[in-house]
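Below is one structure; the comments refer to it alone.
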Amino acid sequence: MAKKGAKQAVLETDTLTLDYTLAELSSSQHRSGLAGLVLMVRWLHRFEHWKQDGSAICEIDNLSDRGATLRINQLGLQALLNEVYAASWEEQERAQVLKNSRTKEVIPYLREEEKNEVDKKGNPIKKKVYIYQSVVPKGAFIADADPEGDRGRWIKLWRDMLWRTLRGVATTRTPYESRANGNYTEDADKIWKELLQPAEFTVNLPSTYYLGAQASNPENVPFKDRARYQFLLHFWVFAASIYVPAVIDNEGNREFVGYAIAIPDISQLKTFCDEFPQLLQGRGNEVTGYRPREAVVDLAVEGALDVIRRLRDRVSRLETGIGDIVLGVDVIHADKQGNNVRILGTTRLDPPEQEWIDKYREIRESLWSAIFRRQRLLNHVSRKPWYTGFDSLLCTIPYEQTMENDYFRHDSRESFKYEVGDMTEETLEIPEESDLPEYSRQKLILRLVRTYVTRKLNTKHGLEWKSEWTNLRKTKEGREKLDKLRDYQEFNEKKAKIAKSAFLDIRSRTETSEFINYFACTICSVPQYMKEEHFVQLTQDLYEKTDEVRTITLLALSANS
């Protein structure tokens with residue numbers, strides 16, 4: 001051992017060997033931590049300076065799908081942590097001055113600047129911003145995988161998550177700030193001493209490393225972990241995927257709420273480590289708001305769905321299945337509120353069958369309305385019928401966001417197409433009885449609603465679908481021409497008015513008897529064709545499954561507006 005300088009720690013010359021298997025680790029964060037360790041050691045070996053003339057040792061041996069061995073000395077540990085916590089001071093803009101959360105005093109800034117911007121009405125305005133010096137984590141290979149590079153939105157999302165969850169309290173950012181200042185840090189010495197202890201040696205488990213942990217539980221039992229296991233928790237953030245749940249309020253405004261951190265519960269270590277960097281590099285760079293479009297989700301659990309989908313796409317060429325690489329994905333929805341980091345929700349998703357993932361992809365890619373898509377995803381995750389919950393949704397938010405919203409109407413039509421059958425205008429003629437050889441509640445109600453709207457349109461306004469419109473809809477030029485035709489515009493306007501009137505009438509009839517009477521006296525007031533046994537079954541459903549019939553009717557009117 002040798003001592004170099006007053007601030008230099010005592011360096012151990014011995015090499016430490018740590019054997020890890022996935023099976024011995026207690027949580028997905030630990031197992032992802034082992035994967036993150038492998039990925040970071042691989043990253044470290046891209047450079048030469050860390051070796052310090054060959055005296056530093058940091059090697060992964062015996063890497064397999066079951067586990068890995070870390071061979072390391074104190075210099076190697078310092079080099080590894082220097083990459084994990086690498087950071088720099090950078091200038092960042094703030095719209096308002098920052099204040100000390102405890103004293104409320106203004107934090108000094110470098111300077112003020114004026115920026116030329118455009119307001120919501122398109123008018124040029126000048127906006128004052130305040131320039132602060134801030135510590136920015138480097139992010140290692142996460143930054144390299146960003147399509148836009150070190151200043152890309154994916155790495156910014158990762159850094160923002162880190163600063164608002166795991167390092168949400170300023171005092172927890174010391175490892176980054178010290179390295180940004182070029183100062184010697186003692187964290188590697190402390191960890192080294194802990195790792196030299198017997199395998200059963202335990203240390204405290206703060207939420208800085210294990211998201212959701214506390215100093216102690218309500219029974220005053222402290223959170224602790226073995227030192228060799230807690231060591232892995234320095235690395236799991238490099239194997240996790242970050243998403244941003246978006247919430248739409250009653251005025252239709254979107255707000256990002258915290259971060260959904262998707263942590264894979266890995267079952268095949270080497271395969272995951274081989275494929276994960278390519279998974280990161282395959283992400284798109286389209287933006288919504290100021291976040292990557294692919295990172296914005298309607299539900300936090302979507303993070304798990306997306307990770308599983310992407311992993312499945314990556315390993316589809318391999319002999320193994322997705323269920324063999326991850327046991328599942330844990331999602332922690334967290335946000336910094338005031339001075340505290342809150343866990344807003346946790347969930348776990350085990351790898352589902354391929355058809356289930358394909359349907360998730362269909363919902364995410366084909367639906368336009370965030371409100372509609374969110375409810376469909378809730379139903380999909382809960383394995384409930386696709387229309388579940390829309391009754392309450394349609395009756396509690398302004399109809400301007402549902403019945404009169406182009407995206408919502410589009411999604412209603414797409415859902416009926418996918419779940420029930422064709423929804424084109426060309427098939428609006430009165431169906432023959434042979435069209436419904438078997439009873440289908442959704443299809444029959446859809447037919448009844450379509451027939452009601454089209455017959456009312458014809459009898460009240462003398463309007464009906466024209467065959468020449470069908471051909472025009474087949475090309476872009478034809479659709480542009482069609483939209484300019486006055487009779488086509490009148491057809492759509494009158495049709496929407498009839499559907500809207502029925503929609504609002506049904507929405508206001510919350511009592512069972514009121515809805516049944518309206519359905520029988522209004523929707524069935526025009527000639528309707530159905531088999532006798534279908535009529536009997538629908539009548540039974542009206543009385544025994546009133547809420548379902550009501551929900552499907554409201555959605556069918558939205559689809560036909």
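Please report, in debye to the nearest 20, how large the charge dipole of the range 453-561 is about its Cα centre when each Lys and Arg carries +1 at its beta carbon and each Asp and Glu carries -1 there.
I would put it at about 660 debye.
What residue among 118, 303, 339 has its Cα farthest toward the positive end of the dipole of the chain, where the charges are +1 on Lys, Arg and -1 on Asp, Glu, each on the Cβ?
Selected residue: 118.
To the nearest 10 degrees, how steeply does helix 532-544 sit against the main Cα axis of the chain, on a 0 to 90 scale?
50 degrees
Which of the peptides 146-153, 411-418, 45-52 is most tightly packed, and how do the rest follow, going by the mean number of other Cβ atoms within 10 Å of each residue? If you can, show how the numbers build up before the last one.
Details: 146-153: 15.5, 411-418: 20.9, 45-52: 11.8.
Final packing ranking: 411-418, 146-153, 45-52.
Can you list residues from other chains, or at least 5 along the same chain, whose modelled amide H is less than 5 Å from the amide H of residue 287?
Hits under the 5 Å cutoff: 293.
What whole-number value in Å² describes the accessible area per residue of the chain for a 1.4 Å probe?
On the way: 28180 Å² over 561 residues.
It amounts to 50 Å² per residue over the chain.
For the chain, take the alpha-carbon Rg, divide it by the Kirkwood Rh, and send me Rg/Rh.
On the way: Rg = 29.8 Å, Rh = 27.7 Å.
So for the chain, dividing Rg by the Kirkwood Rh gives 1.07.
Quick check: from the Cα gyration tensor, does the range 330-410 come out rounded (a/c under 1.5), prolate or oblate? The partial results should precede the final answer.
Details: a/c = 2.19, a/b = 1.20, b/c = 1.82.
Taking the square roots of the gyration eigenvalues as a ≥ b ≥ c, the range 330-410 is oblate.
To the nearest 20 Debye, how big is the dipole of the range 132-216 about its Cα centre, given +1 on the beta carbon of each Lys and Arg and -1 on that of each Asp and Glu?
Values: 11 positive and 11 negative charges, 64 e Å.
So the dipole magnitude of the range 132-216 works out to roughly 300 debye.
Based on the mean of other beta carbon atoms within 10 Å per residue, what is the order of 370-382, 396-408, 350-362, most packed first?
Values: 370-382: 20.4, 396-408: 16.9, 350-362: 14.7.
Ranked from most to least packed, the peptides come out as 370-382, 396-408, 350-362.
Have a look at 180, 360, 370 and report the one farthest towards the positive end of the charge dipole of the chain, computed about the Cα centre with Cβ charges (Lys/Arg +1, Asp/Glu -1).
Toward the positive end, the furthest listed residue is 180.
Using a 1.4 Å probe on the protein chains only, how many percent of the accessible area of the range 283-410 belongs to carbon and sulfur? Kindly include the intermediate steps, with their values, before the conclusion.
Values: 2580 of 5920 Å².
So the carbon and sulfur contribution to the accessible surface is 44 percent.
If one takes the longest principal axis of the Cα atoms in the chain, at what angle in degrees, from 0 to 90 and to the nearest 10, does the Cα axis of helix 74-84 lie?
30 degrees
Taking the Cβ of residue 366 as the center, what net charge do the other residues with Cβ under 11 Å away carry, scoring Lys and Arg +1 and Asp and Glu -1?
Numbers: positive: 359, 361, 364, 373, 376, 413, 417; negative: 362, 365, 411, 414.
Summing Lys and Arg as +1 and Asp and Glu as -1 gives +3.
Under 5 Å between amide hydrogens, which residues at least 5 positions from residue 342 or on another chain qualify, with H placed 1.01 Å from N in the peptide plane?
335, 336, 337
Just from its helices, what would the mean residue ellipticity at 222 nm be for the chain, if runs of 4 or more DSSP H residues each count -39500 (n - 2.57) and the sum is divided by every residue, rounded to the nearest 500 deg cm²/dmol? Write out the running numbers ahead of the final one.
Details: 21 runs with 234 residues, N = 561.
Taking each H run of at least 4 residues, the total per residue is -12500 deg cm²/dmol.
Considering only protein heavy atoms and a probe of 1.4 Å, how much of the accessible area of the range 450-561 is carbon and sulfur, as a whole percent?
Values: 2810 of 6210 Å².
C and S atoms contribute 45 percent here.
Could you size up the charge dipole of the chain around its Cα centre, putting +1 on the beta carbon of Lys and Arg and -1 on that of Asp and Glu, and report it in debye to the nearest 20?
So the magnitude is around 1520 debye.
Run the numbers for residue 278 and residue 115: contour at 0.36 nm per residue of separation, minus the present Cα-Cα distance, in nm. Could you put the intermediate results ahead of the total?
Details: separation 163, 0.36 × 163 = 58.68 nm, distance 3.82 nm.
The residue 278-residue 115 span can extend by a further 54.9 nm.
Considering only Cα-Cα distances, which of the following residue pairs are longer than 28 Å: 51/190; 99/190; 156/384; 104/127; 121/495? Before the final figure, lay out the partial values.
On the way: 51/190 21 Å; 99/190 33 Å; 156/384 36 Å; 104/127 24 Å; 121/495 33 Å.
Exceeds cut-off: 99/190; 156/384; 121/495.
Just order 451-463, 232-244, 262-274 by mean Cβ neighbour count inside 10 Å, highest at the front, would you? Numbers along the way, then the final one.
Values: 451-463: 17.4, 232-244: 24.2, 262-274: 22.2.
Per-residue mean Cβ counts within 10 Å order the peptides as 232-244, 262-274, 451-463.
Which far-off residues, 5 or more places away or on another chain, put their amide H under 5 Å from the one on residue 326, with H placed in the peptide plane?
Distant-sequence amide H within range of residue 326: 267.
Give me the angle, in degrees from 0 to 90, between the Cα long axis of helix 153-164 and the longest principal axis of the Cα atoms of the chain, rounded to the nearest 10.
In the chain, helix 153-164 runs at an angle near 70 degrees to the longest axis.
Just the number, please: carbon plus sulfur as a percent of the accessible area of the range 64-201, 1.4 Å probe, no ligands or DNA/RNA counted.
Working: 3650 of 7600 Å².
On the range 64-201, the fraction of accessible area on carbon and sulfur atoms equals 48 percent.
Of 269, 18, 259, which is farthest along the charge dipole of the chain in the positive direction, counting Lys and Arg as +1 and Asp and Glu as -1 at C-beta?
Checking the options against the dipole of the chain, the answer is 259.
The values are calculated or read from the model by the stated rules, or taken from the named source; none is laboratory data. Quick caveat: nothing in here was measured; it's all calculated off a predicted structure. Note that each Cβ is placed from the backbone with ideal geometry, even for glycine, and that neighbours are counted across all protein chains shown. The area values use the complete protein model at the heavy-atom level, side chains included, leaving out ligands, DNA and RNA. Shrake-Rupley method; radii C 1.70, N 1.55, O 1.52, S 1.80 Å.
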